[in-house]
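Quick note: the coordinates plus some simple rules give every number you see, no bench work behind them. These numbers come from a predicted model, not from an experiment. Cβ placement follows ideal geometry from the backbone for every residue including glycine, while neighbour counts extend to all protein chains displayed.
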Amino acid sequence: MEDQIKYLINIIKGNDFHDVKPPNIYNNLKKMLGKPLVANVDYDSETLEKQSEVESMVNGIYQDILDSHRHINNHFEIEKHGEFVNRSLTIPLPGYYKGYDANHSWMLYWLTNANCLLGQQENELEMKDLIVEKIKTLIVDNGKGGISGGANQLGHLASSYAAILTLVLVEEFDLLKSISSNLYQWMMSLKQDDGSFIMHYNGEADTRSMYCALVIGSLLNLLNDDFTHGCLSWVQKCQTYEGGFAGVPGTEAHGGYTFCGVACFFLLNKSLDNLNIDKLIRWSVARQYQLEGGLSGRANKLVDACYGFWIGGVYAMIETFIKAPIFDRDSLKIYLLNCAQDSVKGGFKDKPNTRVDFYHTNYSLLGLSCSEYNFESGDLLAYDFKTNEINDDTNVSPINPVFGLPHGKAEACRKYFNN
Ligand code: FPP
Ligand code: ZN
């Protein structure tokens with residue numbers, strides 16, 4: 001209690017937030033269990049029924065920890081996650097991945113990124129050659145058609161983004177250089193008069209496609225005035241009355257789109273003064289739920305580990321701007337380690353009673369990193385990380401939240417292309 005009061009007083013006094021020692025995790029858990037459940041209201045709906053199921057599962061897990069006096073934060077199974085990722089990169093994909101046939105470049109990014117976040121250096125592994133050879137099979141017409149998600153498929157901005165991040169992770173900059181001017185032409189062919197980009201020939205434009213184009217442009221040093229023309233005003237229109245960002249103007253705010261929208265301001269080197277920051281903070285902090293400690297993607301929906309990054313990354317970006325902490329790091333970490341981690345086979349899942357997958361493994365690790373580091377930035381794209389001392393160290397790498405990469409990777413690529 002005393003620690004909590006000191007913590008709050010320090011925040012109110014406006015002290016440097018990374019020097020403040022947040023409350024102890026065990027007390028945190030009691031606090032999380034101390035409020036009535038959200039779903040305990042006296043009317044029925046499908047959403048409440050689902051919320052109630054999640055709350056009773058999570059409540060059971062946390063109550064069990066409290067009853068058995070187990071320490072909740074000392075079991076990050078780093079080796080098991082490493083084995084899970086390496087196994088996934090080397091064995092044929094299980095049958096239920098057939099629905100991912102347009103996501104080959106994404107799967108490479110999720111697994112390679114997870115490996116790097118766990119401290120493995122892909123460029124030192126023989127795996128690097130396999131990864132690069134695989135990506136070459138996805139490059140369409142030397143980049144003139146972008147990069148696809150699967151062999152013989154259409155080039156797609158999101159698949160291109162994932163493939164390029166993978167090449168950045170393994171530091172294969174020469175290959176990127178050889179296709180960068182073709183990629184520029186291809187992306188310009190996707191640019192619309194209103195400033196947005198469509199995902200692919202005849203495709204849809206949204207905050208995801210804008211983010212993917214700007215990430216590629218920023219990494220490969222392609223962000224000239226023609227490229228960025230109209231981007232800021234288009235993305236500004238996607239902030240909704242709730243405060244988060246939607247896919248396109250006039251639709252519902254969502255964590256995935258909000259991540260993309262907010263990151264666009266950084267990529268365009270525009271301050272968050274260019275959006276409604278108060279509303280954004282209000283909507284973002286409402287994504288963290290009292291009992292679960294995890295984050296949801298939108299109002300009245302369920303927590304899911306992947307929002308540890310889609311929303312956790314938004315928190316990180318906001319923190320660099322307002323220079324104060326805006327979420328409960330311990331609670332997010334408690335959710336990720338106790339409700340999403342598979343401590344036997346390795347990997348992470350959305351929530352209890354679901355199956356681990358590559359996507360949730362990558363975004364949970366990125367989320368864990370957001371919960372373990374404080375984010376500060378002078379120059380919008382140069383991050384200065386401070387370890388958050390209260391959390392036991394899981395040894396997950398610090399990240400650059402704008403790119404969703406371990407810290408240093410995007411920076412090395414930008415340096416290569418700026419020379
Ligand atoms: C809703 O899913 C999901 C969306 C509306 C879009 C999510 C967008 C992202 C995750 C961002 C993608 C980013 C890039 C870079 C391509 P749902 O209804 O199943 O989930 P929910 O119930 O949690 O809202
Ligand atoms: Zn998810």
Exercise. Using alpha carbon centroids, what distance separates the range 245-307 and the range 214-229, in Å?
Worked result: 24 Å
For this session: Report the extension gain between His69 and Asn419 in nm, rounded to one decimal, defined as 0.36 nm multiplied by the number of residues separating them, less their alpha carbon distance.
Result: 120.4 nm
Seminar exercise, completed: For the pair Glu133 and Lys237, the simple spin-label estimate (label points 7 Å beyond Cα toward Cβ) gives in nm 4.7 nm
Exercise. Looking at the square roots a ≥ b ≥ c of the eigenvalues of the Cα gyration tensor of the range 141-223, which shape do they give, rounded for a/c under 1.5, prolate if a/b is larger than b/c, or oblate?
Worked result: prolate
Exercise. Once a ≥ b ≥ c are taken as the square roots of the eigenvalues of the Cα gyration tensor of the range 245-363, is the result rounded (a/c under 1.5), prolate (a/b larger than b/c) or oblate (a/b not larger than b/c)?
Worked result: prolate
Problem set entry | Under 5 Å, built H, 5+ apart or other chain: amide partners of Gly347 | His81, Asp342
Exercise. Based solely on its DSSP helices, what 222 nm [θ] is calculated for the chain when runs of n ≥ 4 H residues each add -39,500 (n - 2.57) and the sum is averaged over all residues, nearest 500 deg cm²/dmol?
Worked result: -15000 deg cm²/dmol
Problem set entry | 3J(HN,Hα) from dihedral phi, the range 86-92, Karplus parametrisation 6.51/-1.76/1.60, rounded to Hz, x for glycine, proline | 5, 4, 5, 6, 10, 8, x
Exercise. What are the ³J(HN,Hα) values, in whole Hz, obtained from phi via the Karplus relation 6.51 cos²θ - 1.76 cosθ + 1.60 with θ = phi - 60°, for each residue of the range 142-153 in sequence order, with x given for Gly and Pro?
Worked result: 6, x, 5, x, x, 10, 9, x, x, 4, 6, 10
For this session: Would you tally the net charge around Val356, using a Cβ to Cβ cut-off of less than 10 Å, leaving Val356 out, and scoring K and R as +1, D and E as -1?
Result: 0
For this session: Run through every distinct alpha carbon pair of the range 168-326 and return the Kirkwood hydrodynamic radius in angstroms, one decimal place.
Result: 16.4 Å
Seminar exercise, completed: Among the range 131-174, those whose backbone N falls under 17 Å of a label point 7 Å along Cα→Cβ from Met188 are 143-146
For this session: Grab the eigenvalues of the alpha-carbon gyration tensor for the chain, scale each by 5, take roots, and send me the semi-axes largest first in whole angstrom.
Result: 34, 24, 21
Exercise. At what distance in nm do the modelled label points of Glu126 and Asn59 sit from each other, each positioned 7 Å from its Cα along Cα→Cβ?
Worked result: 5.3 nm
Problem set entry | Proximal charge balance of Tyr416 [Cβ under 14 Å; K/R count +1, D/E count -1] | 0
Seminar exercise, completed: With label points set 7 Å from each Cα along the Cα-to-Cβ direction at Glu204 and Ser271, the distance between them in nm comes to 3.5 nm
Seminar exercise, completed: Quick shape check on the range 71-229: root eigenvalues a ≥ b ≥ c of the Cα gyration tensor, a/c under 1.5 is rounded, otherwise prolate if a/b tops b/c, else oblate, and it reads prolate
Exercise. At what distance in angstrom do the alpha carbon centres of the range 127-166 and the range 45-71 lie from each other?
Worked result: 41 Å
Exercise. What order do you get for Ser160, Ser196, Ser397 when you list them from fewest to most C-beta neighbours inside 10 Å?
Worked result: Ser397, Ser196, Ser160
